[in-house]
Structures are given as structure tokens and as C-alpha cells.
Amino acid sequence: MLQIYNKLTNQKEEFIPINPGKVGMYVCGPTVYDHCHLGHGRGYVSMDIIRKYLEYSGYEVRYIMNYTDVGHLTDNSEDGEDKIQKKAKKEKIDPLEVAAYYIRSCEEDFQALNIKPATFYPRPTKYIDKMIDFTQRLIEKGFAYESEGSVYFSVEKFPAYGQLSGRKTEELSAGARVEVNTAKKNPLDFALWIKARPEHLLKWNSPWSVGYPGWHIECSVMSCDLLGENTFDIHGGGNENAFPHNENEIAQSEALTDQKMANFWVLWNMVNVEGKKMGKSLGNFTTIKDALKKYNPSVIRLWIASSHYRSVMDYSEKSLSQAQKNLEKISKFVNHLEVKLTENNISNENPPAIDFDYYQEKFTEAMADDFNTPLALSLIYDLIGHFNKLETENKLTPLDFKNALSFWNKVNSVFSFDLQMSQERKIPAEIIKLAQAREEARKNKNFREADNLRDKLKEKGYEIEDTDKGFKINKN
Ligand SMILES: [Zn+2]
């Protein structure tokens, strides 16, 4: 039974999909005005692991992640500047070019990090008509109003406002700073459509003004379009956006459809650098691209999986080099299994010494408890220790090697570590074949041939070591 921590109720709940066997999942994507940093990497890799665990459990996942290419302002009021437009002015290029450039950058990072492509990547600039239509319907239902060419959502019309972030409207009102914006009836109201100032670059016609959509409306419109206007299963995102972004999404969607937007809100936590949140504003961020210059992508994935997605993570050289060591440990183990399985004759059907069903169960148990990846990983390190010990004691049978590898392959369908890349010591099949041919020659007392093959291996950078258990290949 899968338990997921639901931010909406602040507790773990049993996950029951709306449609048996299927999961609809919407994840708030990045605003594409700069390269993604490790804070984003953490979020999207965590969501990828969650998605892959759902697939591992047999669900068909429809996974939507947007790219925000318009409407995300430099601060959360309606007075800020569009982040993409700001960059476009600075670089003296078209805002859409800025977005296209950083979408490509993000795609490269995601691919490098082995993140499975989403089913769809909607973008608000392609949804202007639908956003206008959605806004119009909210006005007709009495949840929104036009004022001075802009359209605002009337927060007091939606009594459930604050349910996700746990903020009460009275408290919010008390804390609200005096808005410069006099067009709003209530300072808590937020923009669905914003009338453009003359210098604004990206703008469209609407029934109210030449303007552009607010940031929050895109996720309501695109999730309704791609997952339907009925409740969907999981809404993912970074917990820093719970308020106001996600809160406003809920208000817009639920006001319009009279249905709960999503059953589960699964929000990841931030990455800290020396006790402070990694982010654009503090300038203390490391881009995914820079991190990839130093670390293998699977090291970064393992570093991310080593923390629970709801815990704050610390970015430090130390934590990444620990991840590197752990990945090497796994790599070495899996490589050893592969080599052994090529060497050994698997027809020996002696019963295995290790109960892999136990490990399989424990893995599922860890992941089914709100995707506890650190626990699942520690189980793998335990298994490696146990396996190595039994191997030294000569207690393993070929089936243990076979089972270990198939267990690993299953587990890795969730983690997606690319061990080929991490294994500098990986021994290619060609080398193993040469070593086996040499062993054969030796057994047949064809020592000249055996020596030739040993020299050949040496040329290729491998040394053969003969032990009483057979040969061992070492890379020079
Ligand atoms: Zn969103």
C-alpha cells in the first residue's frame, strides 16, 4: 500500500488513483529565463523518481510539466516585471528567443540527469486563448472581476482560500502591505489578466485590454486541458511555491470546476548552501551544467536520492563526494556481478544463499512509505555488504549472482543510475571474452596461445590474475 504525504492535509494518506491503473500528474515547471540550478535539479529528479516508482508499481503515468514562458513577474505582486522580458531587454533579444534558449538548456540538463520526458510540456504562450476563456468563465461565475483593463480573482468569493499553505485570509489581510494597485477590490486579490504598459513586449488582445496572463492561471488552464477538468491524482512542485502560486491555482481551478483540483499535493523541499536557500535571489546557486562539469550525472542523481524529497538538502563538496563514493560502490558491485555471470556457468542450480524476496519487499516498503529513497538506498548498501561477506566465505551460488543482478535492474528502473558512465573500471565484454579464451587455452595446456592472449589483453590495458577461484581481470 502506497502512502504519500499530502501537503493539503499535512499527513500521509493511502494513494488510491482516480482511474484504476492510471495516474495523472502535473508538476509546476521552471520559468525559463535562466539555466536551471541544483535546486531545480533536486525537484525534478525527485519527481522523476516518484514517477518511476509509480510506473514500477504498475501504474501508467500521464506526466505533465510546463515551461513558464510568460507571466512570471519579478515579485509576486502585479507590479513586478516579467522575468523573461527583463532578461530579453538585458540581452537585447526577443523574449520568445530567451524562452526557447532556456527551454533547450533545461531539456539538455534533464536528459543528462536521465529524467524521463514528460508526456506533454505545455507552455502558456501557446495557451493564451484558453487562458482568456478560463478567465471569462471565472468572471461569469462571479469569482473574478475586471478593473482598469486587468482581471482579478476575488479571494473573498472562495472561502477555502489558504487550505494548502495553511494561511488564513484574515491573517493575510492583516499582513498585506498597502498595495499601490488601487484597481483591486481587496489587496489579497490576484491577477488573472494584466493590462500591459506600453513598454511591455509580450502582449495579446483580450476582451479587457491588450495585456498578458498572470502567472498562476497557466497551471490551472494547462492542467485542465491536459488532465481534464475533473480532479487529477498528483500535483507536484517546490514547496516555496505553495503560496501564493499553488494556492491560487487551487482557487482558480476549484472555483471554475466545482471539483477538487488534485487529490495529492506532493511538494519538494529546497537545497541549502551553508544554511541558506540556493536560489537566484541570493546568487549562491550552482547550475546543473556547472555541476555536471564536475560530477557524473548519476552522482548528482544519487546525491539527490540520498535525501528524502521533503527534507532540506545541503549542497556541499562533501555531500557530493560521498555520493560519488556510494555510486562507485554500487558500480563496482554491479560490474562484479556482470563479470561473474559472464564467467560462470549458470547451469549450477544450487539454491541461492540470499533471500532476494526479502530485499525486494524491503525496497518496496521503503518506497511505499512516501518515497523514502534514503532508506531504499541504505538497503542496497546493506545488501552489498552482506553479499560481499558471503562471497568471501565462499557461500554464494551462481543463482545469487543472477538474482542480485535482476534485483538491481528492477531497483534501478526507479533510480536510473547510469552505471556504464560511472564505471571507469567497467570491463568490456570483448575483454572478458579474450580472458575466457585464455583460460580455455590454459586448461587445454596450450600455453603459447594463452600467453599470446595475455599479451593481447595487456596491449588493451588489462592484466589477468590467476587465483584459485579462477581468473580476475584488472584494469591497468
Ligand atoms: Zn504552477
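Quick check on the stretch 429-475: take the gyration tensor over C-alpha atoms, sort the square-rooted eigenvalues as a ≥ b ≥ c, and tell me if it's rounded (a/c under 1.5), prolate or oblate.
The shape class here is oblate.
Could you order ILE16, ILE217 so the one with the most accessible surface comes first? Probe is 1.4 Å.
Reading off the accessible areas and sorting them downward yields ILE16, ILE217.
Roughly how far apart, in whole Å, are the Cα centres of the stretch 358-395 and the stretch 429-468?
35 Å
With only Lys, Arg, Asp and Glu charged, each at its Cβ (+1 for the first two, -1 for the last two), find how big the charge dipole of the chain is about the Cα centre; round to the nearest 20 debye.
Dipole size: approximately 1220 debye.
Please identify every one of the chymotrypsin sites (Phe, Trp or Tyr not before Pro) in the stretch 181-263 that sits in a loop by DSSP and has no more than 11 other beta carbons within 10 Å of its own beta carbon.
In loop regions of the stretch 181-263 (DSSP not H, G, I, E or B), there are no sparsely surrounded chymotrypsin sites (Phe, Trp or Tyr not before Pro).
Just to confirm, what accessible area per residue do you get for the chain at 1.4 Å probe, in whole Å²?
Heavy-atom SASA per residue in the chain reads 46 Å².
How much solvent-accessible surface does CYS28 expose, in Å² to the nearest 10, with a 1.4 Å probe and all protein chains in place?
10 Å²
Please report the spacing between the Cα centers of the stretch 223-256 and the stretch 1-47 in Å, no decimals.
Value for the Cα centre distance between the two parts: 12 Å.
Remind me, relative contact order of the chain in percent, using alpha carbon pairs under 8 angstrom and six or more residues apart?
Once divided by the residue count of the chain, the mean separation gives 16 percent.
Provide, for q = 0.13, 0.14 Å⁻¹, the log10 of I(q)/I(0) from a solvent-free Debye sum over equal Cα point scatterers in the chain.
Those come out to -1.19, -1.33, one per q.
May I ask you to rank TYR44, TYR5 by accessible area, largest first, using a 1.4 Å probe over the protein chains only?
Descending accessible area places them as TYR5, TYR44.
May I ask you to derive the FRET efficiency for PHE471 and LYS410 from their Cβ-Cβ distance with R0 = 30 Å, giving the value to the nearest 0.05?
0.50
Using the basic label-point model (7 angstrom from Cα toward the beta carbon), what is the PHE120 to GLU108 distance in nanometres?
Result: 2.8 nm between the two label points.
If I compute solvent accessible area with a 1.4 Å probe over the protein chains, what percent of it on the chain is carbon and sulfur?
Answer for the chain: carbon and sulfur cover 48 percent of the accessible area.
Hydropathy first: keep DSSP H helices in the chain averaging at least -1.0 on Kyte-Doolittle, then drop any whose Cα extent along the axis falls short of 24 Å, and list what survives.
Span-like helices in the chain: 38-56, 95-112, 317-343, 373-392, 398-415.
Among ASN248, SER150, ASN350, which residue has its Cα positioned farthest towards the positive end of the charge dipole of the chain, with +1 placed on the Cβ of Lys and Arg, -1 on the Cβ of Asp and Glu, and the dipole taken about the Cα centre?
ASN350
Using Cα pairs under 8 angstrom and six or more residues apart, how large is the relative contact order of the stretch 191-275, in percent?
27 percent
Rounded to the nearest 500 deg cm²/dmol, what is the calculated helix-only ellipticity per residue at 222 nm for the chain, with -39500 (n - 2.57) per DSSP H run of length n ≥ 4?
The helix-only estimate for the chain comes to -14500 deg cm²/dmol at 222 nm.
Could you tell me whether the stretch 314-379 comes out rounded, prolate or oblate from its Cα gyration tensor? Rule is a ≥ b ≥ c as square roots of the eigenvalues, rounded for a/c under 1.5, then prolate if a/b exceeds b/c, otherwise oblate.
Oblate shape, in that a/c is at least 1.5 and b/c is the bigger or equal ratio.
For the stretch 313-422, restrict the atom set to alpha-carbon positions and state the Rg and Dmax in Å.
Spelled out, the Cα radius of gyration and Dmax of the stretch 313-422 are 14.7, 48 Å.
The values are calculated or read from the model by the stated rules, or taken from the named source; none is laboratory data. Quick caveat, the model's predicted, so the values are computed rather than measured. Glycine also receives a Cβ, built like all others from the backbone with ideal geometry; neighbour counts cover every protein chain displayed. Protein only, heavy atoms only, side chains kept; ligands, DNA and RNA dropped before computing areas. Shrake-Rupley method; radii C 1.70, N 1.55, O 1.52, S 1.80 Å.
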